[in-house]
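Enquirer: Here it is: the structure, laid out below.
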2 protein chains.
Amino acid sequence: MLNEREQSILRLVVDDYIRSAEPVGSRTVSKRSTMQVSPATIRNVMSDLEEMGYLEQPHTSAGRIPSEKGYRFYVDHLMMPVGITRSDVATVREIFLQIMDQMEQVVQQTAQIVSSLTNYTSIVLGSLTETAKLAHVDVIPLSETSGVALIVTDSGHVENRVISIPPEISPAEVQKFARILSDKLKGTDMHRLKSELFQEVQRELTRYMDEFSGAMQLLNQIVKTDGEERVYLGGTTKILNQPEFQTVEKLRPVLDLLENHDTLFHLLSPPDKPGVRVQIGHENELVEVRDCSLITATYAIDGRKTWTIGVLGPTRMEYARVIGILNYLNEGFSAAVSRVVK
Amino acid sequence: MLNEREQSILRLVVDDYIRSAEPVGSRTVSKRSTMQVSPATIRNVMSDLEEMGYLEQPHTSAGRIPSEKGYRFYVDHLMMPVGITRSDVATVREIFLQIMDQMEQVVQQTAQIVSSLTNYTSIVLGSLTETAKLAHVDVIPLSETSGVALIVTDSGHVENRVISIPPEISPAEVQKFARILSDKLKGTDMHRLKSELFQEVQRELTRYMDEFSGAMQLLNQIVKTDGEERVYLGGTTKILNQPEFQTVEKLRPVLDLLENHDTLFHLLSPPDKPGVRVQIGHENELVEVRDCSLITATYAIDGRKTWTIGVLGPTRMEYARVIGILNYLNEGFSAAVSRVVK
DNA sequence: GTTAGCACTCTTATGCAACGAGTGCTAATT
DNA sequence: AATTAGCACTCGTTGCATAAGAGTGCTAAC
C-alpha cells in the first residue's frame, strides 16, 4: 500500500497530466505540492511509484505519466468526485425543465447534456421495454393487403411496423383479431410476451378464430417488433479535442466504434447493479477503446427500468468531474423520466 | 470553349488526380495519353488550362490539380457515368431483397448501401409525410392522467407521443374524442391538416363535445406531432480514408456537420426537381464543406413522396462512379419503397 | 531521510545540403 | 505555325548533424 506522501504525489501527477496531457516532471510536482520537498526527493518517490507500476515513462528522460494501474488507484482512493458548478446546474435545469413529452426526447437530450457538461462523448442506452407491460395492440388497415401493427407499452413506448395481410383475411377481421389479442394480453410483461407468447396465444387463437390459418404468421410479424434497444450519442466529435487523438490512426477505431451501435450496446449493457462503474484502458475487452476510459452510470427508475449513461474519453480523463456530474444527473434524469412515464 | 486536346488533357488530369490524390505532372499525362505528344506540349496545354482557370498549381514546381471550375467542366462535359459492376448489383439485390418491413429500415439500409458502394459518406433524407394522408388517430390511455397519442398515415408512417390528459377529462372520453377525430379527418393531407386543422376541427369539436375545455390543448399536443423529417447517415467514417482529411483541422468541420442533423437537412433539402445534382466545393454555401463535393439524387416515388440521397466526399471525388451508382439505385430503391407502401 | 550537483539520456527543433519532380523558356525541328 | 528537345530554375522533401531543453539517476554532502 502506498504511504501518505506517495499517494499525494501520485495524485498530483495524475491531476496535472489530466489537465495538460504532457508528461509530468519532478520539478513541476515539487512546485505544485504543498509539502516543501525538493525535486530530487520527488524523483525518488516517483521512481518508487514507477517501480510499483503506478507511473510510466514514455522514454528515458521525459516526465512520468500515470499507468492504467495508476488511474485505477486514483479513481478508487485519491479523487473526490467534483461537485458540479452553479452553471452546470443551470444548464441541466434549463433543459430538463422543458417539457419533454416523449421518452425518446428525454434520452436524446440527456446524451446531449452529458456531452456538453463533460466535454466527452456520451452514450446513453435506454432499456426501453425491459420490464414494461403491454398496454395495447392494434392494427390499422392501410389497404386490402397491408396495415400498420402497433404495440404500446404502459411506459408509453410505441413500436410499429408495416405488415402485409394475407389475402384470405379481410382488414376488418384483422382488426377484430387485434382487439382480442389486445384484451387477452394487456398487462403482460413484454419479455414474457416474447418467450411464452407462442404456446399461450396459439391456444387462444384456435379457440376464437380457427379459420385463420395465416393469422399466426401475422402474429409472428407483430411480435417481431422486439422492443429493440436504442443507443443515443452526444458529442461524437468531442474526441477531436483531445491531443491524444490528433491522428487519424488513433481516431479511426473510436469513430468506427461510435458508428456501430450494436457494439456500443454490448459495451454498455453488462452492469447488473446500479451505480457508477469506471473502466480504464484495457480493463475493457474491446480493443477499439484500449486508449480510452469509459465511465458508465446505471440508474434504476421506479425500480423497473434501468438506464445507462456512458462517457467515453481518453484514459487521461477528468474522472472526478465526470463522476460528479453523473451523480448529480441521476436526480434530474429520474425526475424527468418519471414525469414522462407517470 | 476548350478544344479537343485541351478537353482530353483536362480529363486525364482529373481522372488521375481523383485516383491518386497527387498533383499530376506533364510527363504522367504524356504517358497516359493515347495521343503521341511530348511532355513539353502537354506543359503548354496545361499552362493554358491553368490560365483559363481549369487547373491549379499548389506551388511553382508541382504538377497541376483540378480547380473547382475544372471539376465542374469535368462533371458537365467530360465524364461518363460509370455503370455499376456486377458485384455492386449483387450487393444491392441482396439487401433490397430482404423483406424490409418498415419504412425506416428501408431508408437506413439505403444509407448503408450507398456508403458501402461508393466508399463515401452518405446522407439519406426521407420526406416522410410530405403528401401522406391521415389514416388513423388514436389515444391509448396509460393512466388517469397520461396516454399515448398515435397518428398513422396511409404510407404506414406512425408518429407517437406521450400526452398528459387534463384531469377533468376521463380516459374513456379521450378515446371517444380520438375516434371522432379519426373518422372526421381520415384521408386529410398531413400538411393540410397542420395548416387548416384548427379552424375546422374547432368547429367540429364544439359541436360534439362542448364540455371539453381542455380538449383543444390536448389536440394541440397531438398535432404537434409534426411528422419530423429524419436524416440517416451511412459510413460516417469513410471520410477518414481520404488523404485530404488526415488532419483533425480538416476533419472537424465535416464531422461536426454530420452530427448536426438540422444543418444536414437544410443542406439536402432544396432541389424541387428530381434528378442528380452535383455541388463542388464552394458551390455549396456551407463553409463546413468547402473542401467537399456533394452529389445528391432526388427520387420521386409514386409521384408523391420524394427521397433525397446525398453522397459527401472530397472535391476529388469519383463523380462518374457515384453518379452511376445513384442512377442505378433509383430503380431498386423505388421498388423497395413502393413494395412497403403498397 | 533529504537535498544539491552533475553527468547522462532522450526528444525536439533547427539549419543545411542533396535530391527530385516539374515547370518555363528558348532554340531547333518538322 | 505547331511541336519538341534541352536546360536552367524553383520549390518541396528527405536525410543528417548539431544544438537546446527537459528530466532523470546517481553520488556525495547535509
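Enquirer: So the label point sits 7 Å from Cα along the Cα-to-Cβ vector; using that for B:Ser269, what distances do you get to the other copies, in nanometres, sorted shortest first?
Expert: Nearest to farthest, the other copies are at 3.7 nm.
Enquirer: Can you give the charge dipole size of the range A:1-61 about its Cα centre, rounded to the nearest 20 debye, using +1 on the beta carbon of Lys and Arg and -1 on the beta carbon of Asp and Glu? Before the final figure, lay out the partial values.
Expert: Numbers: 7 positive and 9 negative charges, 65 e Å.
So the dipole magnitude of the range A:1-61 works out to roughly 320 debye.
Enquirer: For the range A:4-78, take every pair of Cα atoms, bin their distances at 5 Å starting from 0, and report each bin as a whole percent.
Expert: Reading the bins upward from 0: 3, 18, 33, 28, 15, 2.
Enquirer: Follow-up. Among A:Val37, A:Gln7, A:Ala21, which residue has its Cα positioned farthest towards the positive end of the charge dipole of the range A:1-41, with +1 placed on the Cβ of Lys and Arg, -1 on the Cβ of Asp and Glu, and the dipole taken about the Cα centre?
Expert: Highest projection toward the positive end goes to A:Val37.
Enquirer: Now for a separate question. Where in the range B:1-35 does the label zone of B:Met52 land, with the point 7 angstrom along Cα→C-beta and an amide N cut-off under 12 Å?
Expert: B:1-11
Enquirer: So how much accessible surface do A and B hide from each other in total, probe 1.4 Å, in square angstrom to the nearest 100? If you can, show how the numbers build up before the last one.
Expert: Numbers: alone 17000 and 17030 Å², together 30710 Å².
Buried area between the two chains comes out at roughly 3300 Å².
Enquirer: Could you pull the copy-to-copy label distances for B:His77, with points set 7 Å along Cα to Cβ, in nm to one decimal and sorted shortest first?
Expert: Result, one decimal in nm: 7.6.
Enquirer: Hey, any idea what % of the range A:4-78's accessible area is carbon plus sulfur with a 1.4 Å probe? Could the numbers behind the result be given before it?
Expert: Working: 1700 of 3950 Å².
C and S fraction of accessible area: 43 percent.
Enquirer: Still on this structure: With respect to the cross-link table entries A:Lys133/B:Lys186; A:Lys69/B:Lys250; A:Lys176/B:Lys186; B:Lys69/B:Lys250; A:Lys31/A:Lys250; A:Lys176/B:Lys184, which display a Cα-Cα separation exceeding 24 Å?
Expert: On the way: A:Lys133/B:Lys186 30 Å; A:Lys69/B:Lys250 35 Å; A:Lys176/B:Lys186 20 Å; B:Lys69/B:Lys250 22 Å; A:Lys31/A:Lys250 33 Å; A:Lys176/B:Lys184 22 Å.
Too far apart for the 24 Å limit: A:Lys133/B:Lys186; A:Lys69/B:Lys250; A:Lys31/A:Lys250.
Enquirer: Now for a different question. Find the accessible area per residue for the range B:4-78; the probe is 1.4 Å, ligands and nucleic acids are left out, and the unit is Å². Please list the in-between numbers first.
Expert: On the way: 3950 Å² over 75 residues.
Accessible surface, normalised per residue, equals 53 Å².
Enquirer: Mind listing the label-point distances from B:Gly187 to the same position on all other copies, shortest first, one decimal in nm, points 7 Å along Cα→Cβ?
Expert: Listed shortest first, these distances are 4.0 nm.
The values are calculated or read from the model by the stated rules, or taken from the named source; none is laboratory data. Here the structure is a predicted model, which means the values were calculated and not measured. FYI the Cβ positions are ideal-geometry reconstructions off the backbone, even for glycines, and counts take in every protein chain you see. Surface accessibility is based on the protein's heavy atoms, side chains included, excluding ligands, DNA and RNA. Shrake-Rupley method; radii C 1.70, N 1.55, O 1.52, S 1.80 Å.
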